[in-house]
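Novice: Shown below is the structure under consideration.
Derivation of every value follows stated rules applied to the coordinates shown; laboratory data play no part. Note that the structure is predicted; figures quoted are calculated from it, not measured. Cβ placement follows ideal geometry from the backbone for every residue including glycine, while neighbour counts extend to all protein chains displayed.
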Amino acid sequence: MLKALLLPVVAILLLYGFWASPDFKVIAAGLSLFLLGMLLLEEGFKQFSGGTLERILRRSTRTTGQSLFLGMASTTIMQSSSLVSLITISFLGAGLMDLAAGIGIVFGANLGTTTGAWLIAGLGLKVSISAYAMPLLTLGVLFMLQSSRLWRGIGSGLAGLGLLFLGIHYMKEGFDAFGSSLNLASFALPGIKGLLLFTAIGISATVILQSSHASMVLIITALAAQQVTYENALALAIGANVGTTITAIIGSLGAGIDGRRLAAAHLIFNVTTGVIALTLINQLTTLVDWICAGVGINATDYTLKLAVFHTVFNLIGVILMTPMINRLASFLTRIMQAPSEALTLPVYLNEASLEVPGAASEAIRQELIRLYQNTFRLIAHGLSLPRGVIKSESDLIAAVADTKRARELNIDEYYDHHIKHLLSEIVHYIAMAQSRAVAREDTEQLSALRVAGRSLAEAAKDMKHLHKNMSKGIQSANPIVRQRYDSIRIELATLLREISVIETQGENDALSFDAALLELAENDRELDRVLDQLIRSRQLPAAAATSLMNDNGYAFSLGKHLVKMAQIVFGTRSEPIMHAEQQIALESDDLTNLIDETLDEQQVNSENGTASRNAAMKIAQSKPSGEKS
Amino acid sequence: MKMRKILQKVQDFLDADSRSQQQQMDSISEVLEKLKGKEKKLQDELAQALEAEEKNTLERKIAVCHAQRKKGLAILKQLRTLPPE
């Protein structure tokens, strides 16, 4: 209820904000562009996955030292630790590196960002990233329009980067009025109070400005103008270092769970470093004085001394935290779990069961039932029917007719999160169990279970293909198209219902599913005939007919895969009986023959003018040849 | 069922030892027996059914059951004609 209300409430608040403040509108638009840029950047990197980029990244992040160097070097070049963190989140989201390597890069980026203070304080230079936004966007969109995957990937990356820069630019523009009104001198305070207050100001300013660089410019210029004391400037720098993590946190909102874990690692590192710097502020000041004296920096050149301080406390953080990268990654993985992960982790597969072949098979069977439940969820969602309706005894035809619009579903994401991972674990476990199995029956049973797992994956893929047109077909203006898709939905929901009955009843004969398959095959045949008529009478465009033919094929294939799985997972546990049932089960050819026989009988009946009687019944009433009375 | 598939099943059968050959035949017979009972039960249900939709479903199930029995008997016949190993 609360969740449903949240979106309209946020939208109303935003609309009010847009009306009340033009600055707020600019800031919100900047944030939206920024997030859009993140998504596009991630999309761009995904285009490169599966080849060169993985190799380069794997080579550059093989060791922690290499990850640190990559983070440091890229931040020095780009002059933005936030941007490097965001790109790293994109890499993680695209599965191009693991969390530990990502954390190494972020730690390195923290060290790299200190070069900015050197540039500002020493050379008075600052690389303005917003100046690149327009050319990046233009080139990005131009490349995105190309057909080559490589160019499209480059285009998405560039356009994403452009939007990111543009977003930061707009956010800064929006906050300009706020930034210029900050009079740091009015807050000058000595002692611990001053330290804590200025750290808080540093955090707030960086959160608002979205850039530790911008804050450092403010701090260094204020220090040079003696608006703030050296001690207060140190506290501001510590605050800016903590505040800069907000960019990665915002960026991670649109990213996957690993992106959020990385943002958390970034926050942990910067907060820890900040706490260390605040606690040891006196010792660090002495150390900075000692270093400055050693390298010949004037004792009154406070801006350069601030740059040294910035580098020193980040370096201490890196030295202290680097040995803990792997532990930090495991900790974050443990405490931060995607809500769906509970569904994707195996529950029954354990080492102990591997020692007993029967126990291993049973564990796999139980895990396959969980995989089936995930697949059932995907198919039910794809058919735009509630699971409860499919499993109940309620009228499916009425439920299908009641559907006003298709349910939205990101099947790729669902498949990756809920099916692929669990299936990989099952397949791996089967391989381990097979290497220990001695008896032929055990090996055969394990092979059959692997087939069941693969069938479920295939069924999910069939649903993916089917869903593309079905979601449109359900709402089609053409009643013929809508009716055909509704028929497919009823057929598949009926099959799912039958499997659910078998699932809840426990062990059953696997041959009963063949009737549902026959219905799918009959409808497939019938559709071909109907479509021919519809195309000829111009009631249906040829393109729509082709889609329907393909989708009926997918529905048939989906049904076959589900039946295959059900025969193995929910069928009898007795291996010889299961084998016999598999031999007797009707295959595609048998179903085709059965339909042909039915049609022949119907034709003979109509030619002879005999009373209309179902042909299937005629066949059924004759005794199979060879059977004893 | 195509001849190639039946031959493959026969080949599998020949590869098995005589005890397991007998077990396979017994299993098929057991399944066939079960199917016969199931078909009979479905026929009775059909005789009682009133709605066209229900009748249609039952008729389909009966046709499938019958085809399965036919297929099972063909396999069993093939297996019985083979000499034991």
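Novice: Viscosity 1.002 mPa s, temperature 20 °C: Stokes-Einstein D of the range A:510-573 from its Kirkwood Cα radius, in µm² per second? Please report the intermediate quantities before stating the final value.
Specialist: Values: Rh = 13.0 Å.
D = 165 µm²/s.
Novice: May I ask for the percentage of alpha-carbon pairs in the range A:467-545 that lie more than 22 Å from each other?
Specialist: Taking all Cα-Cα pairs of the range A:467-545, the fraction more than 22 Å apart is 37 percent.
Novice: Using label points projected 7 Å from each Cα along Cα→Cβ, tell me how many nm separate residue A:24 and residue A:542, to one decimal.
Specialist: So the two model labels end up 5.7 nm from each other.
Novice: Related question: How many Cβ atoms of partner chains, on average, are near each residue of B:36-43 if near means within 10 Å of its Cβ? Each step should come with its number before you reach the end.
Specialist: On the way: counts 2, 0, 3, 3, 0, 0, 2, 3.
Per-residue shielding by partner chains comes out at 2.
Novice: Starting at the first residue of the range A:278-286, write each ³J(HN,Hα) from the Karplus equation 6.51 cos²θ - 1.76 cosθ + 1.60 with θ = phi - 60°, in whole Hz, x for Gly and Pro.
Specialist: Along the range A:278-286, the couplings run 5, 5, 9, 4, 5, 4, 5, 4, 5 Hz.
Novice: Continuing with this model, one more query. What is the P(r) of the range A:329-462, as percent of Cα-Cα pairs per 10 Å bin from 0?
Specialist: All Cα pairs, binned at 10 Å, distribute as 11, 34, 29, 19, 6, 0 percent.
Novice: Could you give me the radius of gyration and the Dmax of the range A:478-523, taking only the C-alpha atoms into account and expressing both in angstrom?
Specialist: Over the range A:478-523's Cα set, Rg and Dmax evaluate to 12.9, 44 Å.
Novice: Would you be so kind as to identify which of A:257, A:354, A:307 lies farthest towards the positive end of the dipole of the range A:240-375, taking Lys and Arg as +1 and Asp and Glu as -1 on Cβ and the Cα centre as origin?
Specialist: Among A:257, A:354, A:307, the one farthest towards the positive end of the dipole of the range A:240-375 is A:307.
Novice: Further, regarding this structure: If we restrict to alpha carbons, what Rg and Dmax does the range A:267-400 come to, in Å?
Specialist: So, for the range A:267-400, Rg and Dmax equal 29.3, 86 Å respectively.
Novice: Per residue of the range A:28-35, what does 6.51 cos²θ - 1.76 cosθ + 1.60 with θ = phi - 60° give for ³J(HN,Hα)? Whole Hz please, x for Gly and Pro, Karplus curve as stated.
Specialist: 5, 5, x, 5, 5, 4, 4, 5
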